[in-house]
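The values are calculated or read from the model by the stated rules, or taken from the named source; none is laboratory data. Small disclaimer: the values here were computed from a predicted structure and weren't measured. We place every Cβ from the backbone using ideal geometry, glycine too, and count neighbours over all the protein chains shown.
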Amino acid sequence: MAKVSLVYWPRLPLARKAITEKLAAEPGVRLTISENLNEVIAALPGAAGLILSDADKIQARRVLEAIAATRDSFRWIQFITAGRDGFEAAGLPEGVEVTGPGLGVSPVVAEHAMALLLALMRQIPAAAASTAAAEWNRNLMSQMQSLEGRTIAIYGTGRIGREIARRARPFGTELVGISRSGSAVQDFDRVVAAHDASGALSGFDVVIAALPLTDETARMFDEAFFSALKPGAIFVNIARGRLVDQHALIQALESGHLSAAALDVADPEPLPGDDPLWKAPNLLVTAHLSGAGSQPSQARIANEVLGNFRRLSAAGRFAGSSKVAGP
(Lines give C-alpha, C1' and ligand atoms only; values in the text may rest on other atoms or scores of the structure.)
Protein backbone atom coordinates (compact mmCIF):
# COMPACT_ATOMS: atom_id res chain seq x y z
CA MET A 1 0.00 0.00 0.00
CA ALA A 2 1.08 3.60 -0.56
CA LYS A 3 2.27 5.40 2.53
CA VAL A 4 2.36 9.06 3.52
CA SER A 5 5.92 10.28 4.02
CA LEU A 6 6.44 12.06 7.35
CA VAL A 7 9.64 13.61 8.71
CA TYR A 8 10.24 13.72 12.47
CA TRP A 9 12.87 16.06 13.94
CA PRO A 10 13.29 15.11 17.63
CA ARG A 11 15.26 18.26 18.47
CA LEU A 12 13.95 17.86 22.01
CA PRO A 13 13.76 14.38 23.53
CA LEU A 14 10.20 15.09 24.71
CA ALA A 15 8.01 12.05 23.94
CA ARG A 16 10.50 10.83 21.31
CA LYS A 17 10.11 7.14 22.08
CA ALA A 18 6.32 7.31 22.26
CA ILE A 19 5.98 9.32 19.03
CA THR A 20 8.40 7.07 17.15
CA GLU A 21 6.65 3.90 18.27
CA LYS A 22 3.17 5.23 17.39
CA LEU A 23 4.09 6.45 13.92
CA ALA A 24 6.36 3.54 13.05
CA ALA A 25 3.48 1.15 13.80
CA GLU A 26 0.93 3.13 11.76
CA PRO A 27 0.28 1.29 8.48
CA GLY A 28 -0.20 4.49 6.48
CA VAL A 29 3.06 6.17 7.48
CA ARG A 30 6.59 6.07 6.13
CA LEU A 31 8.59 7.75 8.91
CA THR A 32 11.97 9.43 8.49
CA ILE A 33 13.75 10.50 11.67
CA SER A 34 16.10 13.43 11.08
CA GLU A 35 18.54 14.17 13.90
CA ASN A 36 19.60 17.67 12.88
CA LEU A 37 18.51 20.61 10.76
CA ASN A 38 20.51 19.59 7.69
CA GLU A 39 18.96 16.12 7.75
CA VAL A 40 15.50 17.69 8.01
CA ILE A 41 16.15 19.89 4.98
CA ALA A 42 17.41 16.89 3.02
CA ALA A 43 14.40 14.75 3.96
CA LEU A 44 11.64 17.27 3.21
CA PRO A 45 11.43 16.92 -0.61
CA GLY A 46 8.47 14.64 -1.24
CA ALA A 47 7.36 14.65 2.40
CA ALA A 48 3.75 15.35 3.34
CA GLY A 49 4.29 16.32 6.97
CA LEU A 50 6.82 17.37 9.59
CA ILE A 51 6.73 16.67 13.34
CA LEU A 52 8.97 18.89 15.45
CA SER A 53 9.33 21.24 18.39
CA ASP A 54 9.74 24.99 18.09
CA ALA A 55 13.10 26.37 16.96
CA ASP A 56 14.68 29.80 16.74
CA LYS A 57 13.70 32.13 13.91
CA ILE A 58 16.79 31.40 11.80
CA GLN A 59 16.31 27.62 11.94
CA ALA A 60 12.57 28.01 11.42
CA ARG A 61 13.12 30.11 8.32
CA ARG A 62 15.36 27.43 6.80
CA VAL A 63 12.75 24.76 7.45
CA LEU A 64 9.97 26.88 6.00
CA GLU A 65 12.03 27.68 2.90
CA ALA A 66 12.52 23.94 2.36
CA ILE A 67 8.79 23.37 2.81
CA ALA A 68 8.00 26.12 0.30
CA ALA A 69 10.18 24.32 -2.25
CA THR A 70 8.13 21.13 -1.89
CA ARG A 71 4.61 22.51 -1.62
CA ASP A 72 3.35 20.08 -4.25
CA SER A 73 3.51 17.38 -1.58
CA PHE A 74 3.62 19.11 1.80
CA ARG A 75 0.42 19.33 3.85
CA TRP A 76 1.04 19.31 7.61
CA ILE A 77 3.22 20.70 10.44
CA GLN A 78 2.78 19.09 13.86
CA PHE A 79 4.37 20.84 16.85
CA ILE A 80 5.01 18.80 19.98
CA THR A 81 5.60 21.97 22.00
CA ALA A 82 2.89 24.45 22.95
CA GLY A 83 5.09 27.33 21.81
CA ARG A 84 5.97 27.92 18.17
CA ASP A 85 7.27 31.46 18.42
CA GLY A 86 10.24 30.95 16.08
CA PHE A 87 8.06 29.60 13.29
CA GLU A 88 5.40 32.24 13.74
CA ALA A 89 8.08 34.94 13.59
CA ALA A 90 9.44 33.36 10.40
CA GLY A 91 5.92 33.17 8.94
CA LEU A 92 3.97 29.92 8.94
CA PRO A 93 2.86 29.04 5.39
CA GLU A 94 -0.72 29.36 4.23
CA GLY A 95 -2.51 26.24 3.08
CA VAL A 96 -0.58 23.99 5.45
CA GLU A 97 -2.38 22.39 8.39
CA VAL A 98 -0.66 23.37 11.65
CA THR A 99 -1.45 21.37 14.78
CA GLY A 100 -0.13 21.38 18.34
CA PRO A 101 0.22 18.98 21.26
CA GLY A 102 -3.30 19.48 22.61
CA LEU A 103 -3.37 19.12 26.38
CA GLY A 104 0.13 17.66 26.01
CA VAL A 105 2.44 18.86 28.76
CA SER A 106 0.02 21.39 30.28
CA PRO A 107 -0.54 19.39 33.50
CA VAL A 108 3.15 18.86 34.24
CA VAL A 109 4.03 22.47 33.34
CA ALA A 110 1.34 23.57 35.81
CA GLU A 111 2.81 21.20 38.38
CA HIS A 112 6.22 22.77 37.83
CA ALA A 113 4.80 26.26 38.27
CA MET A 114 3.29 25.25 41.59
CA ALA A 115 6.54 23.56 42.66
CA LEU A 116 8.49 26.75 41.98
CA LEU A 117 5.95 28.87 43.83
CA LEU A 118 5.81 26.59 46.86
CA ALA A 119 9.59 26.31 46.95
CA LEU A 120 9.85 30.09 47.19
CA MET A 121 7.11 30.49 49.79
CA ARG A 122 8.37 27.65 51.98
CA GLN A 123 12.04 28.70 51.69
CA ILE A 124 13.15 25.43 50.12
CA PRO A 125 16.25 26.88 48.36
CA ALA A 126 17.48 28.31 51.67
CA ALA A 127 16.68 25.03 53.43
CA ALA A 128 18.65 23.15 50.77
CA ALA A 129 21.64 25.43 51.40
CA SER A 130 21.34 24.78 55.14
CA THR A 131 21.17 21.04 54.48
CA ALA A 132 24.37 21.21 52.42
CA ALA A 133 26.04 23.12 55.26
CA ALA A 134 24.70 20.71 57.92
CA GLU A 135 22.93 23.61 59.67
CA TRP A 136 19.71 23.23 61.70
CA ASN A 137 18.39 26.62 60.59
CA ARG A 138 15.29 27.66 62.51
CA ASN A 139 15.77 31.28 61.44
CA LEU A 140 13.93 30.47 58.23
CA MET A 141 10.69 30.38 60.18
CA SER A 142 10.38 34.19 60.06
CA GLN A 143 10.60 34.12 56.24
CA MET A 144 8.02 31.39 55.65
CA GLN A 145 4.85 32.22 53.73
CA SER A 146 1.64 30.32 53.06
CA LEU A 147 -0.60 30.27 49.99
CA GLU A 148 -3.76 30.12 52.05
CA GLY A 149 -5.73 33.34 51.70
CA ARG A 150 -3.48 34.71 48.95
CA THR A 151 -4.56 36.13 45.60
CA ILE A 152 -2.87 34.55 42.59
CA ALA A 153 -3.07 36.27 39.21
CA ILE A 154 -2.46 33.93 36.28
CA TYR A 155 -1.66 35.75 33.06
CA GLY A 156 -3.04 33.48 30.37
CA THR A 157 -6.24 31.48 30.76
CA GLY A 158 -5.48 28.82 28.16
CA ARG A 159 -4.71 25.17 28.85
CA ILE A 160 -1.67 25.79 31.05
CA GLY A 161 -3.26 28.67 32.94
CA ARG A 162 -6.35 26.60 33.71
CA GLU A 163 -4.24 23.65 34.86
CA ILE A 164 -2.34 25.95 37.23
CA ALA A 165 -5.60 27.29 38.59
CA ARG A 166 -6.88 23.76 39.26
CA ARG A 167 -3.75 22.95 41.24
CA ALA A 168 -3.76 26.20 43.18
CA ARG A 169 -7.43 25.96 44.18
CA PRO A 170 -6.98 23.41 47.03
CA PHE A 171 -4.52 25.74 48.78
CA GLY A 172 -7.32 28.16 49.63
CA THR A 173 -6.35 30.87 47.16
CA GLU A 174 -8.32 33.45 45.21
CA LEU A 175 -7.64 32.90 41.51
CA VAL A 176 -7.71 35.77 39.06
CA GLY A 177 -7.24 35.10 35.36
CA ILE A 178 -5.85 37.77 33.04
CA SER A 179 -6.77 37.40 29.38
CA ARG A 180 -7.13 39.56 26.30
CA SER A 181 -10.94 39.47 26.38
CA GLY A 182 -11.64 39.25 30.11
CA SER A 183 -14.34 36.65 29.44
CA ALA A 184 -15.24 34.30 32.28
CA VAL A 185 -13.28 31.03 32.33
CA GLN A 186 -13.95 27.96 34.43
CA ASP A 187 -11.50 27.40 37.33
CA PHE A 188 -11.00 31.14 37.98
CA ASP A 189 -12.87 33.19 40.56
CA ARG A 190 -12.80 36.09 38.14
CA VAL A 191 -11.14 37.08 34.88
CA VAL A 192 -9.87 40.56 34.11
CA ALA A 193 -9.15 41.92 30.64
CA ALA A 194 -5.45 42.64 30.17
CA HIS A 195 -6.08 46.31 29.35
CA ASP A 196 -7.88 46.72 32.68
CA ALA A 197 -5.44 44.75 34.83
CA SER A 198 -3.08 47.59 35.77
CA GLY A 199 -5.51 48.87 38.37
CA ALA A 200 -5.67 45.47 40.06
CA LEU A 201 -1.92 44.81 40.37
CA SER A 202 -1.65 46.14 43.91
CA GLY A 203 -3.97 43.35 45.07
CA PHE A 204 -1.96 40.43 43.70
CA ASP A 205 0.23 38.41 46.06
CA VAL A 206 1.48 36.14 43.28
CA VAL A 207 1.73 36.61 39.51
CA ILE A 208 2.27 33.60 37.25
CA ALA A 209 3.03 34.15 33.57
CA ALA A 210 1.44 31.43 31.40
CA LEU A 211 0.64 33.30 28.21
CA PRO A 212 2.01 33.13 24.67
CA LEU A 213 4.68 35.46 23.35
CA THR A 214 3.32 37.94 20.80
CA ASP A 215 4.19 41.46 19.71
CA GLU A 216 1.66 42.65 22.30
CA THR A 217 3.00 40.59 25.19
CA ALA A 218 6.76 40.97 24.62
CA ARG A 219 8.35 42.71 27.63
CA MET A 220 4.94 43.27 29.21
CA PHE A 221 6.37 42.46 32.63
CA ASP A 222 8.44 45.61 32.86
CA GLU A 223 9.48 48.22 35.44
CA ALA A 224 6.02 49.80 35.53
CA PHE A 225 4.40 46.39 36.02
CA PHE A 226 6.65 45.30 38.88
CA SER A 227 6.41 48.70 40.58
CA ALA A 228 2.61 48.49 40.56
CA LEU A 229 2.53 45.08 42.26
CA LYS A 230 1.87 44.70 45.96
CA PRO A 231 5.15 45.03 47.92
CA GLY A 232 6.44 41.56 48.73
CA ALA A 233 4.71 39.89 45.76
CA ILE A 234 6.15 36.80 44.07
CA PHE A 235 6.60 36.42 40.31
CA VAL A 236 6.79 33.10 38.42
CA ASN A 237 7.36 32.70 34.67
CA ILE A 238 6.89 29.31 33.00
CA ALA A 239 5.94 30.75 29.59
CA ARG A 240 8.56 32.63 27.54
CA GLY A 241 11.64 34.59 28.57
CA ARG A 242 10.94 37.54 26.27
CA LEU A 243 7.76 38.32 28.17
CA VAL A 244 9.94 39.82 30.90
CA ASP A 245 12.18 42.87 31.03
CA GLN A 246 14.89 41.03 32.94
CA HIS A 247 16.69 44.24 33.99
CA ALA A 248 13.46 45.46 35.57
CA LEU A 249 13.05 42.08 37.31
CA ILE A 250 16.55 42.32 38.75
CA GLN A 251 15.83 45.81 40.05
CA ALA A 252 12.55 44.71 41.65
CA LEU A 253 14.33 41.85 43.43
CA GLU A 254 17.30 43.94 44.53
CA SER A 255 15.01 46.64 45.94
CA GLY A 256 12.96 44.03 47.81
CA HIS A 257 9.74 45.19 46.16
CA LEU A 258 9.44 41.62 44.88
CA SER A 259 10.09 39.18 47.68
CA ALA A 260 11.10 36.43 45.26
CA ALA A 261 10.84 35.20 41.69
CA ALA A 262 11.16 31.90 39.84
CA LEU A 263 11.88 31.40 36.15
CA ASP A 264 11.78 28.31 33.99
CA VAL A 265 12.52 30.43 30.92
CA ALA A 266 14.93 33.23 30.12
CA ASP A 267 16.09 35.48 27.30
CA PRO A 268 18.33 34.25 25.79
CA GLU A 269 18.38 30.51 26.33
CA PRO A 270 20.66 29.13 27.53
CA LEU A 271 21.25 32.07 29.85
CA PRO A 272 24.97 32.99 29.74
CA GLY A 273 26.93 32.35 32.91
CA ASP A 274 27.87 36.03 33.20
CA ASP A 275 24.31 37.32 32.85
CA PRO A 276 23.45 39.60 35.83
CA LEU A 277 20.18 37.73 36.29
CA TRP A 278 22.09 34.89 37.98
CA LYS A 279 23.14 37.24 40.80
CA ALA A 280 19.67 38.59 41.54
CA PRO A 281 18.60 37.88 45.14
CA ASN A 282 15.79 35.48 45.98
CA LEU A 283 15.65 34.10 42.46
CA LEU A 284 15.13 30.44 41.56
CA VAL A 285 15.91 29.32 38.00
CA THR A 286 15.24 26.04 36.21
CA ALA A 287 16.55 25.54 32.67
CA HIS A 288 13.27 25.34 30.70
CA LEU A 289 12.49 21.96 32.23
CA SER A 290 8.82 22.34 33.11
CA GLY A 291 7.52 19.96 30.43
CA ALA A 292 9.76 17.06 31.44
CA GLY A 293 9.23 14.05 33.64
CA SER A 294 5.64 13.00 32.92
CA GLN A 295 4.86 9.68 31.26
CA PRO A 296 1.18 10.62 30.84
CA SER A 297 2.25 13.82 29.06
CA GLN A 298 4.42 11.88 26.65
CA ALA A 299 1.59 9.48 25.91
CA ARG A 300 -0.82 12.39 25.35
CA ILE A 301 1.55 14.06 22.89
CA ALA A 302 2.11 10.84 20.92
CA ASN A 303 -1.63 10.14 20.82
CA GLU A 304 -2.29 13.71 19.66
CA VAL A 305 0.24 13.36 16.84
CA LEU A 306 -1.22 10.05 15.70
CA GLY A 307 -4.78 11.30 16.09
CA ASN A 308 -4.06 14.40 14.00
CA PHE A 309 -2.49 12.26 11.27
CA ARG A 310 -5.48 9.95 11.16
CA ARG A 311 -7.94 12.85 11.15
CA LEU A 312 -6.17 14.61 8.30
CA SER A 313 -5.79 11.37 6.39
CA ALA A 314 -9.49 10.54 6.76
CA ALA A 315 -10.35 14.06 5.57
CA GLY A 316 -8.31 13.53 2.42
CA ARG A 317 -5.73 16.18 3.30
CA PHE A 318 -2.91 13.97 2.01
CA ALA A 319 -4.65 13.18 -1.27
CA GLY A 320 -2.42 14.21 -4.14
CA SER A 321 0.67 14.50 -1.94
CA SER A 322 3.71 12.49 -2.90
CA LYS A 323 3.53 9.00 -1.49
CA VAL A 324 5.96 6.14 -1.44
CA ALA A 325 5.27 2.47 -1.98
CA GLY A 326 4.97 0.40 1.13
CA PRO A 327 7.16 -2.59 1.85
Practice problem: Would you check which residues across the range 42-63 are outside any loop (DSSP other than H, G, I, E, B) and buried (at least 18 other Cβ atoms within 10 Å of the Cβ) and list them? | Solution: Ala43, Gly49, Leu50, Ile51, Leu52, Gln59, Ala60, Val63
Quiz item: Can you name every residue in the range 284-312 that is more than 30 Å from Ser259 (Cβ to Cβ) and touching a Leu at 6+ places or on another chain (Cβ under 6 Å)?
Solution: Arg300
Quiz item: Across the range 248-272, which residue is farthest from the chain's Cα centre (by Cα) among those that are at pLDDT 95 or above and charged (D, E, K, R)?
Solution: Glu254
Quiz item: Of all the residues that make up the range 116-167, how many are more than 29 Å from Ala210 (Cα to Cα) and either touching a residue at least 60 places away in the same chain (Cβ under 8 Å) or charged (D, E, K, R) (or both)?
Solution: 2
Quiz item: Yes or no: Ala260 over 30 Å from Ala55 (Cβ atoms), buried (at least 23 other Cβ atoms within 10 Å of the Cβ) and touching a residue at least 12 places away in the same chain (Cβ under 8 Å)?
Solution: yes
Practice problem: Output yes when any residue across the range 7-16 is in a strand (DSSP E or B) and over 30 Å from Gly156 (Cβ atoms), and no when none is. | Solution: yes
Exercise. Mind listing whichever residues of the range 129-169 are of a type in the set (S, T, N, Q) and assigned to a loop (DSSP other than H, G, I, E, B)?
Key: Asn137, Gln145, Ser146, Thr157
Quiz item: Does Thr99 satisfy the condition of being touching a residue at least 40 places away in the same chain (Cβ under 8 Å) and in the same structural domain as Ala69 (by TED's automatic domain parsing)?
Solution: yes
